[in-house]
Structure formats: C-alpha cells, structure tokens
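Values in this text are rule-based calculations from the coordinates and carry no lab data. Keep in mind that this is a model prediction, so the values were computed, not measured. Every residue, glycine as well, gets a Cβ built from its backbone with ideal geometry; the counts of neighbours run over all protein chains shown.
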Amino acid sequence: MAINKQEHAQWSSSFGFVLAAVGSAVGLGNIWKFPYMVGESGGSAFVIAYLFCLALIGFPILVAEWLIGRRGQKNPINTYSDVAASEGKSRSWSIVGATGILGGFLILSFYSVIGGWALNYITKVGSGSFAGQDSDSVAATFDAMLASAGTLTIWHTVFMVITAVIVGVGVTKGIENAAKILMPLLGVILFVIVGYNVMNGGFGEAVNYLFAPDLSKLNGDVMLAALGHAFFTLSIGMGIMVAYGSYLGRDVNLLSTARTVVILDTVIALAAGLAIFPIIFSNGLDPASGPGLIFVSLPIAFGSMGAGAIIGTLFFLLITFAAVTSSISLLEPTVELLEERTPMSRTVSTIVASIAVWLLGIAALLSFNLWSDFTIMGNGIFDALDKVTSKFMLPLTGLAAIIFVGWQMDQRSIQQELGLSNFTWQLWQIIAKFVAPIAVLIVFVTSLMN
Ligand code: PHE
C-alpha cells in the first residue's frame with residue numbers, strides 16, 4: 001500500500017502495517033496460483049516443500065527485508081545503497097533493489113491478466129450463467145474466454161485501470177480501511193465453500209491429496225516451484241517489503257509481525273486448497289489442468305449450491321479485491337522510482353508505468369490464443385514471465401537480502417533490533433547465515449541437475 005511519501009509517514013499502528021503487508025501478501029497467489037501449482041506438482045509433496053520453504057526461508061527473508069527497509073528509510077534502490085554504505089560495504093548492493101523493482105513490474109503484467117479473469121467471472125457468476133451446469137460446460141465457458149483475445153484484453157484493461165487509479169490518486173488509505181472488512185470476509189466465504197465440500201463429497205480425498213505425506217513425488221522441480229511460490233505468496237524478493245519496512249515504526253516487533261503475516265497467508269492458501277480440490281475430485285476433473293483450475297472447478301459448486309450465484313459473485317468480488325491490494329503494491333515501486341528519478345509527476349509516472357505493464361500484459365494474454373505458437377525456451381509468454389520471476393528473480397533477490405543481513409550488517413545492532421536473547425539469537429543466526437541461504441542454493445542446484 002502506498003503511503004504519502006512527502007512526509008514519509010510511519011504506519012499509525014502495527015495493526016495498520018500488518019493490514020498492508022497482509023493485503024500485499026494475500027492475493028491471487030493464494031487462491032488462484034497455489035491450488036494449481038499443487039495440482040501440477042502432484043499434491044502433498046508440493047504442500048510440504050512449500051511449508052518448509054515458508055518457515056525456513058520465507059519467514060527469515062521477510063524479516064530481513066523489513067529490517068533493511070527500516071534502516072534505509074527510502075525506496076529499495078537507495079535503501080540498499082545507503083545501508084550498505086553505512087555498514088562500510090559497496091553501494092552496488094543497490095542492484096538488489098533494482099532487480100526487486102523489475103520483478104514487481106514483470107509480475108504485475110500477468111497478474112493483471114488473471115485479475116481480469118476474476119473480474120469477468122464476477123459478471124458470469126452473477127448473471128447466473130453457471131446455474132445447473134456440469135463440468136464440461138463450465139470448462140467450455142472458460143476455454144471460450146481464453147480463446148477470445150478481445151475479452152481478455154478488456155478485462156485486463158479494466159483491472160489495470162483500477163490499479164493505476166488507486167496508485168495514481170493515492171487512495172490507498174481507503175483501500176486499507178476496506179481491507180479490514182473485506183479480507184476477513186474472504187476468509188469466511190472460503191470456509192463456507194469448504195463447508196459445502198464437507199457435505200458434498202471429495203473432501204477426504206482432497207485432505208489426503210494435500211496432506212498425506214507422499215515424498216515420492218518430491219524432486220528438484222517440485223522444490224523449486226515450492227520455493228518460488230513461497231516468495232511469490234509472501235511478496236518477498238521484490239523490494240516491496242523493503243519499501244514497506246521503510247515506513248515501519250521502531251517499536252514494531254519484526255518477528256511477531258512476520259509470524260502473523262506468514263500464518264494468515266498460509267491459512268488462506270490452505271483454505272483455498274480445501275475449497276477447490278474436493279470439487280475437482282468429486283467431479284472427476286484433472287488437478288493438473290493448470291492456471292484455469294479455480295475457474296473450471298468453483299463455478300460447478302456455485303452452480304449447484306443454494307444461493308450459489310450470490311456466494312459465487314461475492315467470492316469473485318473478494319478475490320478481485322484481494323488481487324487489487326496486491327497489484328497496487330506491485331505497481332507502487334515502479335511509479336515511485338519514475339517519480340523520483342525523472343521530471344515526471346506522480347500522475348504521469350503512474351500512467352507511463354501502467355501503460356508499459358499493460359502492454360506486456362497484452363503480450364502475455366495473447367499467448368493463450370493468437371500467439372500460442374510463439375514460445376521462449378519452450379514456454380509461452382505468460383509462462384515465461386511467471387517462471388522467470390518466481391523461479392529465478394525472486395529467489396535470487398531474496399537470497400541477496402538474507403545474505404546482506406546475515407553477513408554484511410553489524411550483527412550486534414541486529415540482535416538489539418530483533419530483541420533476541422542468547423538462545424533465540426543463536427537460532428536466528430544459524431537460520432539467517434546458513435539454513436536459509438544454503439537451502440535456496442540447494443534447491444537451485446538440485447533443480448539444475450534434474
Ligand atoms: N503475494 C501476492 C499474492 O499472493 C502477489 C504479489 C507478489 C504481490 C509480489 C506483491 C508482490 O497474490
């Protein structure tokens with residue numbers, strides 16, 4: 001969430017900060033991406049690897065990024081540069097801030113396309129077009145949307161305009177207030193769908209699929225996918241949390257705040273899994289059907305449950321809202337950079353950045369139809385953007401953050417800042433210096449050898 005940067009205000013309370021961080025973290029990653037990645041990687045192996053990555057890598061890197069941001073008090077590039085200089089290290093660390101901003105820019109291009117799908121589904125579900133439909137006709141509706149470059153462009157444009165207006169006009173405070181009500185409501189709706197599933201079959205199978213340890217499916221690819229998704233879902237490795245940290249008051253406890261964010265984010269993702277997989281299994285759908293997974297499964301339930309049109313509409317409205325609270329955090333760093341480094345005003349910076357993202361998004365959505373034959377190293381444009389960011393840029397940028405905190409900064413001051421005493425401090429050091437960086441490297445190496 002953007003903050004009035006002239007004053008460089010601090011978050012009014014740690015609650016406001018948690019809300020903004022959760023707003024950025026909880027989004028399409030939890031509800032759209034997590035389930036289909038689980039499905040593509042064969043279920044529980046992915047879930048287990050993902051939970052490990054969150055706890056041992058994601059959590060400490062989230063803390064590290066906030067810590068760096070709070071020291072630097074500027075945008076990610078200047079923050080890395082200044083903090084490095086004050087520690088007597090090279091200012092070239094600013095590259096880490098730059099790759100982070102670039103990552104956010106690239107992610108937003110395809111994120112907005114999916115935000116557009118969610119917007120489109122608000123109208124589809126709302127108009128009752130899924131009532132009584134079976135899985136084949138629900139899938140046909142989805143395929144028809146994908147095949148239409150025009151439809152995808154319209155909704156991608158609407159989503160981008162909403163994001164740009166909020167960032168440009170700077171009404172993020174209002175969004176933050178709305179989030180207080182709407183995010184919990186999203187949680188409630190997810191649990192309503194889970195409840196429906198408990199009554200309607202497939203639930204036990206889904207629980208097994210998600211949680212019964214089946215490590216035979218664990219390989220380098222699954223681990224890299226889980227690692228990348230841990231970064232994606234927490235919004236780390238992108239400079240966004242570094243930027244947020246710069247607004248964080250001294251009195252905010254980084255560790256407990258990070259714990260809250262990670263837990264809430266994980267609960268929402270797992271709830272999404274329990275909302276979706278029972279429908280997949282009870283309707284004989286393929287869990288590995290890719291990015292369309294929630295769009296070909298949930299409407300079946302909305303078409304058959306009581307008040308399904310209302311619940312379904314509300315559901316897609318709320319995930320669109322969750323997507324917007326993430327997309328504004330993806331756009332903000334690029335806008336801020338343009339505003340600071342060029343003569344352009346905030347409004348012009350927002351327009352320029354948004355048009356650039358929008359154009360890249362068009363290229364991404366065309367890979368579902370007109371340009372489906374065009375590939376980059378075997379991937380369509382959409383997949384290429386997703387893979388380059390999640391599996392490469394985010395983990396490397398995050399790795400740099402934890403190495404910076406673990407090895408480049410003065411450790412005594414960090415111990416004070418985190419408020420840790422002997423045993424917990426030693427634990428933190430082991431994780432920050434060794435476990436997290438080595439785990440990231442191991443995942444990289446194993447996936448290269450695959
Ligand atoms: N974490 C967001 C989600 O899960 C996506 C996101 C990624 C937002 C990176 C900001 C930065 O949907």
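Summarising the amide proton neighbourhood of Ile376: residues at separation of 5 or more, or on other chains, whose placed amide H is nearer than 5 Å comprise an empty set. If the viscosity is 1.002 mPa s and the temperature 20 °C, what Stokes-Einstein diffusion coefficient in µm²/s follows for region 121-165 when Rh is the Kirkwood radius over Cα pairs? My calculation gives 181 µm²/s for D. Please compare each pair in Lys391/Lys433; Lys74/Lys387; Lys33/Lys391; Lys217/Lys387; Lys33/Lys433; Lys33/Lys387 to a cut-off of 24 Å on the Cα-Cα distance and tell me which ones are over it. Those over the limit are Lys74/Lys387; Lys33/Lys433.
Residues in region 230-242 carry Karplus couplings, in order, of 4, 5, 4, 5, 8, 6, 9, x, 9, x, 5, 6, 5 Hz; the curve used is 6.51 cos²θ - 1.76 cosθ + 1.60 with θ = phi - 60°, and Gly or Pro positions show x. Size of the chain: Rg and Dmax of its alpha carbons, in Å, are 21.1, 66.
Ignoring everything except DSSP H segments at least 4 long, calculate the 222 nm mean residue ellipticity for the chain; use -39,500 (n - 2.57) per segment, divide by total residues, nearest 500.
When only DSSP H runs of four or more count, the value is -23500 deg cm²/dmol.
Based on alpha-carbon centroids, what's the gap between region 135-151 and region 22-80 in Å, whole number please? Cα centres, region 135-151 to region 22-80: 31 Å.
Label sites at Asn379 and Ala356, each approximated as a point 7 angstrom past Cα along Cα to Cβ, lie 2.1 nm apart.
Note the angle between two axes, namely the Cα long axis of helix 44-53 and the longest principal axis of the Cα atoms of the chain, as a number of degrees from 0 to 90, rounded to the nearest 10. The angle comes out near 20 degrees. Across every direction, the projection of the convex hull enclosing the Cα atoms of region 232-341 has a mean area of 9.6 nm². The orientation-averaged projected area of the convex hull spanned by the Cα atoms of region 70-202 comes to 12.5 nm². Charges were assigned to the Cβ only: +1 to each Lys and Arg, -1 to each Asp and Glu. The resulting dipole of region 36-184 about its Cα centre is roughly 700 debye. Helix 436-449 axis versus longest C-alpha principal axis of the chain: approximately 50°, rounded to the nearest ten.
Computing FRET efficiency as 1/(1 + (r/R0)^6) for Glu87 and Asn208, where r is the C-beta to C-beta distance and R0 is 41 Å, gives about 0.25. In sequence order, region 330-341 has phi-based couplings of 6, 7, 3, x, 5, 4, 4, 4, 4, 5, 7, 9 Hz under the Karplus curve 6.51 cos²θ - 1.76 cosθ + 1.60, θ = phi - 60°, and Gly or Pro positions carry x.
Annotation: region 46-119 has a Kirkwood hydrodynamic radius of 14.3 angstrom, from the mean reciprocal C-alpha pair distance. I'd like the orientation of helix 254-282 relative to the chain: the angle between its Cα long axis and the longest Cα principal axis, in ° from 0 to 90, rounded to 10. Compared with the principal axis, the helix lies near 20 degrees. Applied to region 245-252, the Karplus parametrisation 6.51 cos²θ - 1.76 cosθ + 1.60 on θ = phi - 60° returns per-residue 3J(HN,Hα) values of x, 5, 9, 8, x, 4, 7, 6 Hz, with x for Gly and Pro. In terms of other Cβ atoms within 10 Å, Met305, Met160 run from fewest to most in the order Met305, Met160.
Determine, for each peptide in 433-441, 417-425, the mean count of other beta carbons within 10 angstrom over its residues, then list the peptides with the highest first. Could you put the intermediate results ahead of the total?
Values: 433-441: 17.3, 417-425: 12.4.
Final packing ranking: 433-441, 417-425.
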